[in-house]
Amino acid sequence: MGIVLLSLVLVVGMAGCARRGSSAGGAAGDKAATFYQGKTITITTKSSPGGNGDTTARLLAQYLPDYIPGHPHVVVKNNAGGAGSVMMKNVAQVFPNDGLNLALPDTAVVLRWMFKQAGSDYPLDKMPIIGDVTAPLVVVVRKSAGTDLAALQKRAQPLKAGSTAPGGTGVIDMTLGFGLLNIPVKEVYGYSGAGPVALALERGEADTASPAAGAYLSSYKTLSDRGIVYPFYQVGDPGPNNTLVRSPALSEFPTLQEVYQQQFGHAPTGPEWNAVLKLADMVQLGLFLCARPDTPPAALTALRQGFDKMAADDKVKTKLNTTLGGAVSVGNGEAATLLKNLLATSGDLLTSLENAANGK
Amino acid sequence: MVDAFLNSVGHVANGSVLLLMMVGIVIGLLTGLLPGLGGVVVLVLLLPFTLTMSPFEAFALLLSTYAVFSITGDMTSILIGIPAHPECAALVPDGYPMTKRGEAARALGATIFSAMVGALIGAVMLFLLIPVLRPLVVDIGSPELFAIVLLGLAMVGSLSGKSVLKGIVAACFGMLLASVGTNAQTGIVRYGFGSLSLLDGLSLVAIALGLFAVPEIMELHARGRHGVSERPQLSGGVLTGVKDVLARPGLLVRGSLIGAVMSMLPGLGSAVGQWVAYGQAAQISKHPERFGTGVIEGVIAPASANNSKEAGSLVPTIAVGVPGSAAMAILLGAFVVVGINPGPSMLGTHLNITYFMIWMLVLANVIGAALSFVFLKSMARISVVPAMTLMPIVSALVIIGSAVSAARWSDVVTLIVTGVVAWLMRRAGWSVVPVILGFVLGGNAESFLWISVGTYKTSWLHSPVVDVLFALTIVLAVGTAWRKSRSRRRAVASGTVAEADGPSRAWTWGSLGLAAGFTVLGAVALTLAWHWPLEARAFPTAIGGLLVVLGLLEIGVEVRAMTRHRRATPVGDSPAGAGVSPGADVGGVGVGAVPDAAAPVGGPAPDSLVPEPSGTRVPGGGAGLAEPAVAGTATGVLDAAPAAEPPAELPVNRSLAGLGWFVVAAALSYGFGFLIGMIVFVFGYMMSTRRGLIRSALMAAAVGVAFYVLFVLVLNVAMPIPLIGPSFI
């Protein structure tokens, strides 16, 4: 009797324990149009709830179902750990190959892969990209630290650049940008997020910071409106012939290239500038949705079609713009090219980026 | 201003707003009971629903959920000694011993009333002071924050139980745990040992549950068919708890203000305020040594701080657009989603929204507390449920809670290891509270110190505010040590405590072993850190060095005590204190009473399983033998002495068997996923404790269904992947 009951309990448990949606893997050969009908896609983010990646993932989860053929349900799961490595390995290697699990890595995950840091053995170069949401960077400077380039260059003390930790695009941005402009800068790490850095700027503890546009909107714009800080430059979007152009959503801010040209009278060149161009590629790539390498083609087609349609919709553009501070999508084709170029970085250029990421 | 106020009242009266507020309150109260889940996760799950709402509707839903979340979180701390969230851990040291004494209803009554009043005080403070608080929040820089953190660490003395030295060693251990993971200054991974799981450091949820929950689970198993409390009468205590709070207005206001002010400072973390409030209550009391034995002051102070923090953390969020906590980061996201830029506009064009938010905090807390009071007596009955019935359910919740907080199994390992260390510490008379304080504050201390040095070099040391805070820290630390020493001398002189009072002989050896273990740990930490860059090694080297020195000192103290014991004990007699638990240590609540042995000497009649609850009678009136001693305190109120003699220890082998079952539950979950693992575990445990086949099967099925519905269907939280494969949960 006991064995029978125990077996019953186990059978019931086994029957119910399969992850929702995973039983639908048999539909692999269906057409893209019907692949996702009645299914649930999970977007996994390394970001903790409330973080920039999490907000982006939840916005995508809100809008994607309307555009992906079959109108699947989309949910978000936070999978922190290993600075994004756990999320990437789970999506690329562990979760079922059913087209229902997507990762939303950011540039930090790309940088870890490029720098071959511990735990970066996920197949980033083989993971197909579905689409991206750019993450523009805005360098802000406290007015009391100097209101123009000349004043900043003449400072006796280096600018104190507030940041959470070395290794991110913000640190690369400030190290390379200020280096090109001959402005002395010293990184101060340890702040617990973009908000506390904004407070440090307001109280004069830090002189400069490089927040993502979303953080700029929520925590820094008010400082700018009150005249405490000013937007010094944006990195800008990659333009033709190794140039940078203003991001459409941040059109009022000059690019680093413009500030440089105004001061020195010519376009920047050299290894540092090449590193800045790589940084611009990273910013343009921003956060991107990707799938495991062997995702069924029908699923990929449906996802890419859906993402591109969504990104082209003015309603979504407006929401991304207002919520994430000017973020847009460059389309999955261009995002894939950006990622490929970034991952191919090597030699002195890679060393320059790595040094800049460490504030050197 | 008046227009904005009236406008906010109009929005509060809106039907959809009130409905959403009620929905939020119910969600907050229910999910607050789940360990490890956290208000942040619940808020983020609600966020998508707010995309199409008006700002008022969105904030009604989010704020009401957030406002009441801690109320039910506090309940688990009191009823089963397990904090549902790290922010509720400070309720354990005194709340749980009260439950053991049969005062669960009283403790719960005091907690909910304190929480409600604390929230109201926080809201009123927010209402009155927002315009002037902005400069305060902005002007407190990293040097001041570092000094505040040091001041918080000075509370260790008050939270150390009998031995300040042991407390400092334990705090150093906590700070060392905080240094695990990627260093913010250099980017190198400290004490990572090549593990991906340690890149982001140890989880606060796993550490808090390990320190407080695992030892309790072990003891739950040891209690067998007895409840946490064997006192059959639960009625009447709730009102007593409310009266306790009303009799201590100073304590209530101080706790509330501490909670609100600490949460205003971005970067400190939401778990700090409750401990500082608890520490100051012990600090001000004339009998700090009673904290940790189940004194009502130890419940009121952290409970009031816990709920006033919600209003406090709103200040930087709405006034300067900087989130004071993770939950506020989500709220900030909601601001942006509904098209509002937080900052000065919240005091100008959007002042009506600010007032509305204050209304929501007030109403949600009042309604949440009222709802809680309705169900309080039923909740208090958990304390008389047989421990062996609670044990498998609590084990399942704790394991799931720790694993899903970051969707990784390594947190379960952290949970078990920390739990074993905490159990050993409690048995050997060490307080575990300083460990969590060290863990919470250690990382902050390091970050603020480096920012201060990097920004101001040494000039920050000349800041008057910093110097005053440093002076306060020294006064607090020295004063605590002196008062503890005096209190102990007096107790010895009056015969209340024997000179050699302490753990049993076996556990004296255990204490010595722990001291030696911490010393070795400090030495290992020092050695491993030696080759790191200065910024990465300075903190762990300093803490490791301190651990070695203080650990050796503690070894000396232990050896001297053992020698005295040996000399003082006639051959053939058991040593003084044998069979007596450390009992009165703060955080030493895991060593509970075997109910049959819990009757105090000269206490209640032998047929009474637990002593009379302290404070349930009018102090000074009708003094029976079980009547608590009362003493005036600096708070101007009466501080009840512990009602019972230190209880006998629960059998070690049964506690270890409890650990064995817990590890089996974790291993089954790791192997087969939570659903199969927990069903098999609950069924196996119930069968082995002879609860009958049908009951066991029903209980296992209920746990399985509850898990599936709650965590998979409703909350859909990320789960770590079991060995059997990713298709299993």
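The values are calculated or read from the model by the stated rules, or taken from the named source; none is laboratory data. Note that the structure is predicted; figures quoted are calculated from it, not measured. Please note: Cβ atoms are built from the backbone with ideal geometry, for glycine as well, and neighbour counts cover all protein chains shown.
The figures follow:
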{"item": "Failed item, numbered, when A:Gly214 is tested on (1) within 26 Å of A:Leu320 (Cβ to Cβ); (2) at the interface with chain B (Cβ under 10 Å from one of its Cβ atoms); (3) free of Cβ contacts under 8 Å to residues at least 60 places away in the same chain", "result": "(3)"}
{"item": "Filtered residue count, the range B:221-241, keeping only those that are buried (at least 19 other Cβ atoms within 10 Å of the Cβ) and modelled with pLDDT of 75 or more", "result": "10"}
{"item": "Subset of the range B:246-298 (residues that are of a type in the set (Val, Ile, Thr) and either closer than 23 Å to B:Val315 by Cβ or not in a helix (DSSP H, G or I) (or both))", "result": "B:Val253, B:Ile258, B:Val261, B:Val272, B:Val276, B:Thr293, B:Val295, B:Ile296"}
{"item": "The range B:695-716, residues that are assigned to a loop (DSSP other than H, G, I, E, B) and either more than 18 Å from B:Val404 (Cβ to Cβ) or more than 7 Å from chain A (Cβ to nearest Cβ) (or both)", "result": "B:Leu715"}
{"item": "Yes/no for B:Gly157 being under 28 Å from B:Gly443 (Cβ atoms), at pLDDT 85 or above and touching a helix residue (DSSP H, G or I) at 6+ places or on another chain (Cβ under 8 Å)", "result": "no"}
{"item": "Selection count, the range A:318-356, where residues are within 24 Å of A:Pro123 (Cα to Cα), β-branched (Val, Ile, Thr) and either assigned by TED's automatic domain parsing to the domain that holds A:Pro271 or under 15 Å from the mean Cα position of the chain (by Cα) (or both)", "result": "1"}
{"item": "Matching residues in the range A:72-118 - criterion: being more than 11 Å from every other protein chain (Cβ to nearest Cβ), among the small types (Gly, Ala, Ser) and either in a helix (DSSP H, G or I) or surrounded by fewer than 23 Cβ atoms within 10 Å (Cβ to Cβ) (or both)", "result": "A:Ala92, A:Ala108"}
{"item": "Candidates A:Ala298, A:Ala302, A:Ala280 - the one that is surrounded by 20 or more Cβ atoms within 10 Å (Cβ to Cβ) and farther than 30 Å from A:Leu100 by Cβ", "result": "A:Ala280"}
{"item": "Answer from A:Leu201, A:Leu250, A:Leu256, A:Leu181 - the residue that is touching a Lys or Arg at 6+ places or on another chain (Cβ under 7 Å) and buried (at least 17 other Cβ atoms within 10 Å of the Cβ)", "result": "A:Leu201"}
{"item": "Enumeration of residues in the range B:131-174 that are farther than 15 Å from B:Gly292 by Cα, away from chain A (no Cβ under 14 Å) and not in a helix (DSSP H, G or I)", "result": "none"}
{"item": "Residue among B:Ile112, B:Ile121 that is farther than 30 Å from B:Lys457 by Cα and more than 18 Å from the chain's Cα centre (by Cα)", "result": "B:Ile121"}
{"item": "Count of residues meeting criterion [at pLDDT 70 or above and under 22 Å from the mean Cα position of the chain (by Cα)] in the range B:312-328", "result": "5"}
{"item": "Residues that are of a type in the set (A, V, I, L, M), under 19 Å from B:Thr50 (Cβ atoms) and either touching a helix residue (DSSP H, G or I) at 6+ places or on another chain (Cβ under 8 Å) or part of a loop (DSSP other than H, G, I, E, B) (or both), drawn from the range A:41-59", "result": "A:Ile43, A:Leu59"}
{"item": "Residues that are touching a strand residue (DSSP E or B) at 6+ places or on another chain (Cβ under 6 Å) and more than 13 Å from chain B (Cβ to nearest Cβ), drawn from the range A:157-176", "result": "A:Asp173, A:Met174"}
{"item": "Some residue of the range A:273-281 being assigned to a helix (DSSP H, G or I), without any contact (Cβ under 8 Å) to a residue 40 or more places away in the chain and either away from every other protein chain (no Cβ under 14 Å) or within 20 Å of the chain's Cα centre (by Cα) (or both)", "result": "yes"}
{"item": "Some residue of the range B:34-47 being in the same structural domain as B:Leu331 (by TED's automatic domain parsing), under 24 Å from B:Ile300 (Cα atoms) and part of a helix (DSSP H, G or I)", "result": "yes"}
{"item": "Which numbered condition B:Leu120 misses (of (1) assigned to a helix (DSSP H, G or I); (2) surrounded by 24 or more Cβ atoms within 10 Å (Cβ to Cβ); (3) hydrophobic (A, V, I, L, M, F, W, C))", "result": "(2)"}
{"item": "Residues that are outside any helix (DSSP H, G or I) and either within 11 Å of chain A (Cβ to nearest Cβ) or touching a Ser or Thr at 6+ places or on another chain (Cβ under 7 Å) (or both), drawn from the range B:445-468", "result": "B:Lys457"}
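Residues are listed down the side, and each one gets a yes or a no for (1) modelled with pLDDT of 90 or more; (2) among the hydrophobic types (A, V, I, L, M, F, W, C); (3) within 27 Å of B:Ile729 (Cβ to Cβ):
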{"site": "A:Ala83", "(1), (2), (3)": "no, yes, yes"}
{"site": "A:Val86", "(1), (2), (3)": "no, yes, yes"}
{"site": "A:Asn97", "(1), (2), (3)": "no, no, yes"}
{"site": "A:Val109", "(1), (2), (3)": "yes, yes, yes"}
{"site": "A:Pro136", "(1), (2), (3)": "no, no, no"}
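Residues are listed down the side, and each one gets a yes or a no for (1) at pLDDT 90 or above; (2) under 30 Å from B:Tyr685 (Cα atoms); (3) touching an Asp or Glu at 6+ places or on another chain (Cβ under 7 Å); (4) not in a helix (DSSP H, G or I):
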{"site": "B:Leu177", "(1), (2), (3), (4)": "yes, no, no, no"}
{"site": "B:Thr186", "(1), (2), (3), (4)": "no, no, yes, yes"}
{"site": "B:Asp200", "(1), (2), (3), (4)": "no, no, no, yes"}
{"site": "B:Gly210", "(1), (2), (3), (4)": "yes, yes, no, no"}
{"site": "B:Met218", "(1), (2), (3), (4)": "yes, yes, no, no"}
